[in-house]
Each structure stands twice: as structure tokens, then as C-alpha cells.
1. Could you tell me how many of the residues in region 82-139 are in a helix (DSSP H, G or I), farther than 23 Å from residue 247 by Cβ and among the small types (Gly, Ala, Ser)?
2. Determine, yes or no, whether residue 240 is outside any helix (DSSP H, G or I) and either out of contact with any helix residue (DSSP H, G or I) (no Cβ under 6 Å at 6 or more places or on another chain) or on the phi < 0 side of the Ramachandran plot (or both).
3. In region 80-103, how many residues are closer than 14 Å to residue 179 by Cβ and under 20 Å from the mean Cα position of the chain (by Cα)?
4. Within region 92-122, take every residue that is more than 23 Å from residue 291 (Cβ to Cβ) and free of Cβ contacts under 8 Å to residues at least 40 places away in the same chain and give me the one that is surrounded by the most Cβ atoms within 10 Å (Cβ to Cβ).
5. Which of the residues that make up region 77-122 are small (Gly, Ala, Ser) and modelled with pLDDT of 95 or more?
6. State whether the residues of region 66-76 include one that is open to solvent by 10 Å² or more (accessible area, probe 1.4 Å), part of a loop (DSSP other than H, G, I, E, B) and at pLDDT 95 or above.
7. Please enumerate the residues belonging to region 164-213 that are within 27 Å of residue 15 (Cα to Cα) and assigned to a helix (DSSP H, G or I).
8. Is at least one residue of region 21-33 closer than 20 Å to residue 170 by Cβ, at pLDDT 95 or above and in a strand (DSSP E or B)?
Amino acid sequence: GKSYSQIARLAENVTAFVAIAQGLRERGFSAPEIYASDLDSGILLVEDLGRVGVVDDSGPILGRYLEAAAVLAALHAQTLPEALKVEEGRYYHIPPYDLDALLIEVELLLDWYIDHVNVSVNSGARANFINLWRQALATITSCSPTWTLRDYHSPNLIWLETREGLERIGIIDFQDCVLGNPAYDLASLGQDARITISDAFELKILAHYANLRREKDPQFNMAEFARSYSILAAQRNTKILGIFARLNRRDGKPHYLMHLPRIEAYLKKSLRHPALEEIKTWYMTNIPTLFSNE
């Protein structure tokens, strides 16, 4: 038996899933169709989009990743509501991905990852870490927000070859959708946590997205977007290092550790952006093991 709070949380997740799924489908994207639902009980009957993904035994498939980037470009070009109707008289309000939320996530590195690599960080360095991230993220959260699906990467993208255009990308696991910077989901895709994306591959994803955004809006600022992309990629990879270390130590799931070298490499790459110079110095000073092979 689940506790009342667990049941309430399950119902909340189901409501969010239904709202975002319907919202995506109404805009021409391939989220699962909801066949039946009991929102209060947290029960859904949904479409199975299949098992064919955007990677194969050889690795990531460029054409499918470019199409996934095109889905984001099309989504981000739209004016999207903050509240979605779930059923008659019932609305779901998408929560903000604000500065506090982003900062709580980077603290996961301090809470879990530094212990994993046997590093000690004193209270002053911890406070400086949060302050540096607060400064870097302040401009990120000041832009006009869009739907941020949160885990827009290979485990949650299904290839639907019988459909056409953007509908060939099936999207799942979006119940944690928030209102955030459009660069976040592209960073999730371009620095996929579960499979290695090369620098050249990543640049093609970025360029394809940018070209599509410019087609819709000639004022689209690629330099500013690239800055946001680097900052949010670094933020996301910082968070994931903490989460995967926690999954190992707290939850007894050591298989997540196999992904750490990839995430570390992504983080170091993102930290090269000039906007992250001071944060990079913090990492080099306080977690030198990250850079020991350079």
C-alpha cells in the first residue's frame, strides 16, 4: 500500500502527463494518445508508441536527432499557455523552472557527487559555488519561458517511421514539464546523458535548430542562445552528476556510474564558454579530479 502523500503525488503526475500530452498533440506533436483516465486515482490507459528509438547498435542516428531538434524548434516558435485544460472545469498550471529550482539542482553535486570522488569542499567554497551559479543563471530565467520537457533525450524519444514530418518523433516522460528557457531541452538532446554525442554531431543539432528558429523569426539571436545553451548544459550535467552518484549510494543502483565519464566530459566542454569562466575555475580548484586527465 502507498501512503496518502504517494497517492496524491501519483495523481498529480498523471494530471500533468494528461495536460502536457493533450497540449502537445493539439499542436501536432506525437505524444501518446490518452484512451481513458481516472485522474483522482492516478490511472491512465495510453497509446504505446513502440520501442524504436533514435539510436541503434551503432550509436545515435543523426537524421532522427535532427528531427528531434526540429520538434523543439517548432514548439519554441509558438506562444504556449501556462495553464492547460485537463477536463471540464479542471486546469493544470505548469510550474516555473525558476532560479531557486535551478540552484537546488546544482547543489546535488555538493550533496552527493563530491563524496563519490572523495573531495571535501568547505562552507566558504560551497557558498561561493551557489553565488557563482546564481549570477550565471540570473539572465537565463529572465527570458520569455517556454514548455521545458526536462528529459528530452534518447530514452524518451521514439521513432515513428510510419508517420510524416515532425510526427515521426514520439515523445514520452514529460510529466515534469516546467516553464523554462528554450535552450534547456536542446542541451538535453545535444548532450544526451545516456549516449555519447560527438562535438561535430552536437554542432549539427545546434545549427539545425538555429536555422529553423531563424526561418520563423529573423531576430532569433544565436549568440545569446548559445550562451544560454552552454550555461544550462553545465547546470544539467552538474545536476546529473549528483543524481547518478545518489542513485548509486542511496538507492543501490551502481549501473548509473557507467555514465559518469560521459557526463563529466560534457560538463567540461560546456564550461569552456566565457560566461562560465569563474565557475570553471571553481570546479578546477575544488574538484581537480574532474580535470586530472587533461
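1. Residues that pass the stated criteria total 6.
2. Details: outside any helix (DSSP H, G or I): no; either out of contact with any helix residue (DSSP H, G or I) (no Cβ under 6 Å at 6 or more places or on another chain) or on the phi < 0 side of the Ramachandran plot (or both): yes.
When the stated conditions are applied, residue 240 does not pass them.
3. The total comes to 13.
4. Taking region 92-122 as the starting set, the residues that turn out to be more than 23 Å from residue 291 (Cβ to Cβ) are 92-104.
Filter once more, so that each one left must be free of Cβ contacts under 8 Å to residues at least 40 places away in the same chain: 93, 100, 103-104.
Details: 93: 12, 100: 12, 103: 16, 104: 11.
In this case the residue turns out to be 103.
5. Result: 77, 83, 101.
6. The answer is no, given that none of the residues of region 66-76 is open to solvent by 10 Å² or more (accessible area, probe 1.4 Å), part of a loop (DSSP other than H, G, I, E, B) and at pLDDT 95 or above.
7. Listed by number, the residues that qualify are 166, 167, 168, 183, 184, 185, 186, 187, 188, 189.
8. Within region 21-33, one or more residues are closer than 20 Å to residue 170 by Cβ, at pLDDT 95 or above and in a strand (DSSP E or B).
The values are calculated or read from the model by the stated rules, or taken from the named source; none is laboratory data. The model shown is predicted, which means the values in this text are computed figures rather than measured ones. Note that we place each Cβ from the backbone using ideal geometry, even for glycine, and neighbour counts take in every protein chain shown. The protein model used for the area step is the full one, side chains on, heavy atoms only, and it has no ligands, DNA or RNA in it. Shrake-Rupley method; radii C 1.70, N 1.55, O 1.52, S 1.80 Å.
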